[in-house]
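The values are calculated or read from the model by the stated rules, or taken from the named source; none is laboratory data. This structure is a prediction, so every number in the text was calculated from the model and none was measured. Positions of Cβ are backbone-derived with ideal geometry, glycine not excepted, and every protein chain shown enters the neighbour counts. Just the protein is used for accessible areas: all its heavy atoms, side chains included, with ligands, DNA and RNA removed. Shrake-Rupley method; radii C 1.70, N 1.55, O 1.52, S 1.80 Å.
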Amino acid sequence: MGNQKLLTNIRSLVSCDGSDTVYSDCDLLIDGYKIAKIGKNLPQGDAQVIDASNYIVYPGLVNTHHHFFQTFVRNLVTIDYPNLLVVDWLDKIYPIFSQIDSEVIYYSSLVAMADLLKHGCTTAFDHQYCYTKKTGKEAVDRQMEAASLLGIRYHAGRGCNTLEREKGSTIPLEMLETTDEFLLDCERLMKAYHDPNPNSMSQIVVAPCQPINSYQETFEESLAFARKHGLRLHTHLGEGENPIMMERYGKRTLAWAEEIGFVGEDVWFAHGWELQKDEYDVMAKTGTGLSHCPAPAVLGGFPIIDIPAMERAGMNVSLGCDGSATNDSSNLLDSLRMAYLAQSYHSKSRGGAPSAYEMLKMATVGGAKTLGRDDIGSLEVGKAADLFAIDANTLPLAGTLHDPGNLLARVGYTGEVAMTMVGGDIKFKDGELVGIDEVRLAVQAEQACDERLRSLFPTIFR
């Protein structure tokens, strides 16, 4: 048998291509990692045949902002994010972050990536800024190890914090680095893992954590390094820091970023709920992307970004889970549903809201564009076979199947999918991670959380 797979008799295939094509009763031929043909009654040849008659098939979701290391600080009633100011939350959570070690990084990343895969995400970006004496410099290495085991595409944002607390940052001493050591490690990671080619499974992004917690020179030198080596750039922006930036620099964060050149088609920001309408034009003009993370905005009581206005201005918006400490989940289908509902809530005051299908494209095509990839994001001949399928033959979906494009966010399909495929390889099917002893890993992950965090903070983990 050759390296081909044929999905036969697909009930519906939502391509998210430029024409918004939705195929019915079709076949999908995969040759290696690529989609070779989409059509009816394709010849089977020596392909591995997969009966997809029960499936609705979608492009794999693309997550553009997360913090995997936070998976082990979920479900804490003692640090109740919805009822805390951000500064109070930071004071409570950072002492825990400062004790995270390499094993916690590995297992918490496995937990997050498994959750993503099980819910249709095939490409994930993580903003890894937790570097402590216990993690050393191997945090991204451990994440790459986890990603390789599960088979998810992984874009690692090598983050950092360089500004001391006495100079206005919120970062504990144990989590500070110098700009030089940060960039030296970026170079090491780039040489070890960055693959810019089609079907790349690993890429490196230069991602200083946020402007208020690093020196300006950290951002300037990050920019020079990334542009020299053709790497993308990422940071947090517009999530409550503007008053501090006004006091420190006399300008809003986006103006500060534009002045130093930290904008462009190779840059995207997370959150942006403080962005003003005139700043949408700056984002669009420079081609700077935005990752919308609805969960922390809703849970924190922050403004919900105006996606219709942003898109009218020409901005590219994608979707992110954000860290588990402000989400408690790594389910991008759940974030898709939440984003759709939050936008709909404002539809009367904003003159309309995106459709559920438009939100799906934000989580697929928009995510691929944000990460600078033209080989994923839609189901088209020549692109990677990154996809997920849901089982249409279930009673809860009866009465919804006439519009598969709108189904996910509109109906609220947020559970595990029937199948997830990355580059033509099945990674999750019928409730099981392929080739993974999930029970063993779950036990090991719980043990790591017990020994390395819960035992250190018994009054918090209760």
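Under the condition of being acidic (Asp, Glu) and under 17 Å from residue 171 (Cα atoms), which residue from segment 196-241 is most open to solvent (accessible area, probe 1.4 Å)? Steps first, please.
Taking segment 196-241 as the starting set, the residues that turn out to be acidic (Asp, Glu) are 217, 220-221, 239, 241.
This time we only want the ones that are under 17 Å from residue 171 (Cα atoms), so: 239, 241.
On the way: 239: 53, 241: 11 Å².
For segment 196-241, the residue satisfying everything is 239.
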Condition check: in a strand (DSSP E or B), among the charged types (D, E, K, R) and open to solvent by 10 Å² or more (accessible area, probe 1.4 Å). Does residue 37 satisfy that?
yes
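Does residue 167 qualify as being farther than 28 Å from residue 372 by Cα, open to solvent by 10 Å² or more (accessible area, probe 1.4 Å), in contact with an Asp or Glu (Cβ under 8 Å, 6 or more places away or on another chain) and basic (Lys, Arg)?
Details: farther than 28 Å from residue 372 by Cα: yes; open to solvent by 10 Å² or more (accessible area, probe 1.4 Å): yes; in contact with an Asp or Glu (Cβ under 8 Å, 6 or more places away or on another chain): no; basic (Lys, Arg): yes.
The answer is no for residue 167.
Please verify whether residue 85 is over 21 Å from residue 432 (Cα atoms), at pLDDT below 95 and open to solvent by less than 60 Å² (accessible area, probe 1.4 Å), treating the condition exactly as stated. Step through it out loud before you land on a result.
Values: over 21 Å from residue 432 (Cα atoms): yes; at pLDDT below 95: yes; open to solvent by less than 60 Å² (accessible area, probe 1.4 Å): no.
Criteria not met by residue 85.
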When segment 182-195 is examined, which residues are found to be without any contact (Cβ under 8 Å) to a residue 24 or more places away in the chain and open to solvent by less than 70 Å² (accessible area, probe 1.4 Å)?
195
Under 7 Å between Cβ atoms, which residue pairs at least 6 apart in sequence (or on different chains) link something in segment 7-26 that is hydroxyl-bearing (Ser, Thr, Tyr) with a partner that is crowded, with 19+ Cβ neighbours inside 10 Å and in a loop (DSSP other than H, G, I, E, B)?
8/52; 15/378; 15/379; 21/15; 23/15
Which residues, taken from segment 346-391, are hydrophobic (A, V, I, L, M, F, W, C) and open to solvent by 20 Å² or more (accessible area, probe 1.4 Å)?
353, 365, 381
Take the residues in segment 242-288 that are of a type in the set (A, V, I, L, M), within 27 Å of residue 228 (Cβ to Cβ) and touching a Leu at 6+ places or on another chain (Cβ under 9 Å); name whichever of them is surrounded by the most Cβ atoms within 10 Å (Cβ to Cβ).
270
For residues that are under 17 Å from residue 289 (Cβ atoms) and in a helix (DSSP H, G or I), tally how many sit in segment 309-331.
5
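Would you call residue 156 open to solvent by less than 50 Å² (accessible area, probe 1.4 Å), more than 27 Å from residue 249 (Cβ to Cβ) and at pLDDT 95 or above? Give the derivation first.
Values: open to solvent by less than 50 Å² (accessible area, probe 1.4 Å): yes; more than 27 Å from residue 249 (Cβ to Cβ): yes; at pLDDT 95 or above: yes.
Yes.
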Evaluate the following for residue 324: is it within 19 Å of the chain's Cα centre (by Cα) and at pLDDT below 95?
yes
Please enumerate the residues belonging to segment 281-319 that are of a type in the set (S, T, N, Q) and either under 13 Å from residue 254 (Cβ atoms) or out of contact with any Lys or Arg (no Cβ under 9 Å at 6 or more places or on another chain) (or both).
286, 288, 291
Just give me the residues in segment 379-405 being more than 21 Å from the chain's Cα centre (by Cα) and part of a loop (DSSP other than H, G, I, E, B), in sequence order.
380, 381, 382, 392, 393, 394, 398, 399, 400, 401, 402, 403
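Please tell me if residue 117 is crowded, with 23+ Cβ neighbours inside 10 Å, touching a residue at least 60 places away in the same chain (Cβ under 8 Å) and among the hydrophobic types (A, V, I, L, M, F, W, C).
Details: crowded, with 23+ Cβ neighbours inside 10 Å: yes; touching a residue at least 60 places away in the same chain (Cβ under 8 Å): yes; among the hydrophobic types (A, V, I, L, M, F, W, C): yes.
When the stated conditions are applied, residue 117 passes them.
Here are 17, 25: which of them is at pLDDT 95 or above, surrounded by fewer than 21 Cβ atoms within 10 Å (Cβ to Cβ) and not in a strand (DSSP E or B)? Spell out the reasoning first.
Values: 25 fails: not in a strand (DSSP E or B).
When all the criteria are applied, what remains is 17.
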Can you confirm whether residue 320 is in contact (Cβ under 8 Å) with a residue 24 or more places away in the chain and open to solvent by 30 Å² or more (accessible area, probe 1.4 Å)?
no
Would you be able to tell me the number of residues in segment 107-132 that are touching a Cys at 6+ places or on another chain (Cβ under 9 Å) and over 29 Å from residue 176 (Cα atoms)?
3
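For segment 406-462, give me each residue that is farther than 21 Å from residue 120 by Cβ, among the hydrophobic types (A, V, I, L, M, F, W, C) and assigned to a loop (DSSP other than H, G, I, E, B).
Narrowing segment 406-462 to residues farther than 21 Å from residue 120 by Cβ: 437, 439-440, 443-462.
Remaining after also requiring among the hydrophobic types (A, V, I, L, M, F, W, C): 439, 443, 445, 448-449, 453, 456-457, 460-461.
If the condition is that a residue be farther than 21 Å from residue 120 by Cβ, among the hydrophobic types (A, V, I, L, M, F, W, C) and assigned to a loop (DSSP other than H, G, I, E, B), then 456, 457, 460, 461 are the ones that fit.
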Here, helices (runs of 4 or more DSSP H) confined to segment 168-286 with at least 1 residues that are among the hydrophobic types (A, V, I, L, M, F, W, C) and either under 19 Å from residue 131 (Cα atoms) or in contact with a His (Cβ under 7 Å, 6 or more places away or on another chain) (or both) are 179-193, 216-229
